[in-house]
Structures are given as C-alpha cells and as structure tokens.
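The values are calculated or read from the model by the stated rules, or taken from the named source; none is laboratory data. This one's a predicted model, so the numbers in the text were calculated from it and none came from an experiment. When we count neighbours, we look across all protein chains shown, and the Cβ atoms used for this are built from the backbone with ideal geometry, even at glycine. Areas reflect the complete protein model, heavy atoms only, side chains present, ligands, DNA and RNA absent. Shrake-Rupley method; radii C 1.70, N 1.55, O 1.52, S 1.80 Å.
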Amino acid sequence: MTAAGEEVRAYPFGPITRLDLDPTLKELCGEQPVLRVRLPFGGDGWLVTRHADVRTVLADPRFSRAAAVGDHVPRTVAIGLPSTSMLSMDPPDHTRLRRRVTNAFSVRRLKALRPRIEEIVHELLDAMVASGSPADLTTALTWPLPITVICEMLGVPLADRSRFGEWVDGLLMLADPEQAARARAQLDAYLAGLVAQRRVTPSDDLLGELVAGDAEDEEGPLAEEELIGLGVSLLSAGQEATANQIGNFVYTLVTRPALWDRLRAEPALIPKAVEELLRFIPNSATAGFTRIATEDVELSGTLVRAGDAVVAELGMANHDAEVFERPDEIDFHRERVPHVTFGHGLHHCLGAQLARLELRVVLEVLTRRLPDLRLAVPADQLSWRTERLVRGVAALPVTW
C-alpha cells in the first residue's frame, strides 16, 4: 500500500477538447488510478479514475460531502455549494431533504409528463422547420426544451427562462468566483421571491407542493434556505446538464452517420442508445464535487487518510476497460451499461429519469421527423463551450 505520492500534478492537465477524454489523464490513470493532484482551488487532493474506486467514493459514507463545505476545501470549481444545498449534505439531513422531492420524479409522474415533453419537442421543431434550413439546433431545441420542462414542473414563469440561462451559466463557471457568487445570489433572490409567493398563494406545482408540505410533514418545515437551495439545484441541473447532453448526443450521432442511420432504422434501440451515449460522452469538463475522507480508506492500493480531499473522474470511470469491453467504441447492443454519469449512491442525480426521458423523446422525434438531419458546416468548424463545468457544443448548425 502506498501513501501520498511524491509528485503532485496540477489538475486539470490540459484544455478541454470537444468531447475527448484528456489524453494525459488516460495515460496516467492506468499506472496511477489514485493520483495526487493540485486542484484549481483550495489545494491538493486525490483524483480517482477507476470505476470501482469512483463508485466507492460516491457511495461509501466514509467520504463526506458535508465536510467539503467551505472555501478552504480543495475543489475544481470557483465557488463551492452552500451547506444548505442537498448536494452538500450527508444523512440524516440529506435523507430528510431528498425525501421531500423524490415523489416529483416518480415513474408515475414521468409517464404522465411524457406527452407534454413530446408536445414541446414538436412545437420547437415546428418553429425551426418553418424558419428554414440551416438552423442552430442549440437555439431551436436543445436549450429551450429542458428549461421549459423544469420551469413548468416547478411553476416558474417561462418568461424568466432567459435570465435563468444567464444565472446558471455564471454559476457553473470553473474559474470566475466573483461571477459564480453573483449568479448564485441572483438565483437565490429570485427563488426566495417565488417561495414567498407560494406562501401567500398556494399552487399545485412542485415548488408549491414543497412549500405547502412544510406544515404537514412530521419532521417539521423546511428552512427557507433549504427550499431555495432545492429550487436552485433543480433548475440548474434540469437545464444545464440536460441541454448540453442533448446537443452532445446529436453531434455524436450525426458525425457518425452509421449510428444515426441505425436509430432511424431501429427506433426500438433508442433506450439502449441513450444509456450507451451517456456512458461514452464525458459530460463534465472536470472531476466532480469534492468529498472528504472521514477515516483512512484504501483505494486501489493507495492509502487515503482521514481529512484528505477526493474527487472522482466520472468520464474515465465510464471508459474503464475492466468494466466495459471496447470502452472507446459506441455499442448500442451492450447488455449492461453501469455508467456513473448520474453519480452513484445517495447523491445519485434526482432528475436522472427525467433527463433520460427527454433524451429518448428527442431522439425518437428527430429520427422520425428529420431523418436526413446533418451538420450544415464541417465538424471542425463547430465552437464549444469552455471554462464551464458541463461540456457542450456552443452552436450546432444543422440542415435537413
């Protein structure tokens, strides 16, 4: 068993290129799956890349999210999450808060939501087709769809969605703490206003249910900051991650026409295709939220000591050859795809099933309505969003 490594490498190792895995990281992780790194903010920590180690860090209670609150903690993002965010909690606080919103993403609710999602996709494509080819699919579909869905679920006026885009974009900046803090304050203030409205005028949307459920819950009411934190988390996750995933999925498929043609010919493959693309495409630009070891833990022969910071590279874990045969190939016929794109354990993404549903509907509708969809410019001329937590194409000019 090894202790702290002699060399501490600055992480990330290089600029993000499109949807490619970092070549330096790929080279290093085979020999050093638990690597000592200097994170962009707060100091040194451990970077884990193997699928088994990543699942351990994400699910083992010896790795705490609550202990990772504070500006002094080594991290990859400019500003950490506050202690009132569900993503910054350990049980029992996390359990109490998550239980309040789990029902909103139940199988029954999502099944009832599917026709509305299909309707929104068709409406957005109607407008795009009416405007003529070529069109930017990110402007026409990939950004409007997720924010429309999550706004309707929460009861947020759609007229405000452009402001959300700016705030969420700023919140997820990797290297600008002032902008991230400013965006967080703006989101908090806006959600506080909506919560206050629901207290005066009850509603049957998700935010209204959370507010109204306070008085009935045997564990007592949610604190104002907790209600605001839930709203911010749901809005940001429901918009940014899913919007980028939709664009990245379409880019990946149309730049590999054989895969697009296969889905056109076999739409029944789309659910499996969604899981495989979730595995194959590295959605995050850098490792995820920091966790702090609360006791000594061994990971792949390396001793992580109590108090050490640990971050997990989900993209590398999803390409672990010990788990996925031919990991760098897209295979829609994999029998088992235990990817960790949505996390693992108690912090597994609450909206994972909603994201899956939106991705499936988009691929079903696009392959049926626009079977000849293709890029309107050479792939190497596309621009990409950089310096943000979530990867994505900045614009996706398409024709049909």
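For the subset of the stretch 306-320 comprising residues that are assigned to a loop (DSSP other than H, G, I, E, B) and farther than 14 Å from Gln32 by Cα, which member is farthest from the chain's Cα centre (by Cα)? Across the stretch 306-320, the extreme among qualifying residues is Ala306.
In the stretch 147-159, is there at least one residue being surrounded by 14 or more Cβ atoms within 10 Å (Cβ to Cβ) and outside any helix (DSSP H, G or I)?
Checked the stretch 147-159: at least one residue is surrounded by 14 or more Cβ atoms within 10 Å (Cβ to Cβ) and outside any helix (DSSP H, G or I).
All of (1) in a loop (DSSP other than H, G, I, E, B); (2) open to solvent by less than 10 Å² (accessible area, probe 1.4 Å); (3) at pLDDT below 95; (4) more than 20 Å from Thr76 (Cα to Cα) hold for Glu335 with one exception: (2).
When restricted to residues that are small (Gly, Ala, Ser), in a loop (DSSP other than H, G, I, E, B) and either in contact with a His (Cβ under 7 Å, 6 or more places away or on another chain) or crowded, with 18+ Cβ neighbours inside 10 Å (or both), the stretch 9-58 contains 1. Taken residue by residue, the stretch 176-189 has at least one member that is modelled with pLDDT of 80 or more and over 28 Å from Trp384 (Cα atoms).
This table checks each residue for (1) open to solvent by 40 Å² or more (accessible area, probe 1.4 Å); (2) closer than 20 Å to Leu370 by Cβ.
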| residue | (1), (2) |
| --- | --- |
| Arg99 | yes, no |
| Val107 | yes, no |
| Ile117 | no, yes |
| His122 | yes, yes |
| Ala127 | yes, yes |
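When Pro61, Pro134 are checked against the criterion of being touching a residue at least 12 places away in the same chain (Cβ under 8 Å), open to solvent by 70 Å² or more (accessible area, probe 1.4 Å) and closer than 21 Å to His344 by Cα, Pro61 stands alone in meeting it. Inspect the stretch 282-289 for any residue being part of a strand (DSSP E or B), within 19 Å of Arg9 (Cα to Cα) and open to solvent by less than 50 Å² (accessible area, probe 1.4 Å) and give the result as yes or no. Scanning the stretch 282-289 turns up no residue that is part of a strand (DSSP E or B), within 19 Å of Arg9 (Cα to Cα) and open to solvent by less than 50 Å² (accessible area, probe 1.4 Å). Remark: pairs (first residue in the stretch 156-169, over 18 Å from Ala140 (Cα atoms); second residue of a type in the set (Phe, Trp, Tyr) and assigned to a helix (DSSP H, G or I); Cβ separation under 9 Å; 6+ apart in sequence or on different chains) = Val156/Phe164; Val156/Tyr190; Trp167/Tyr190.
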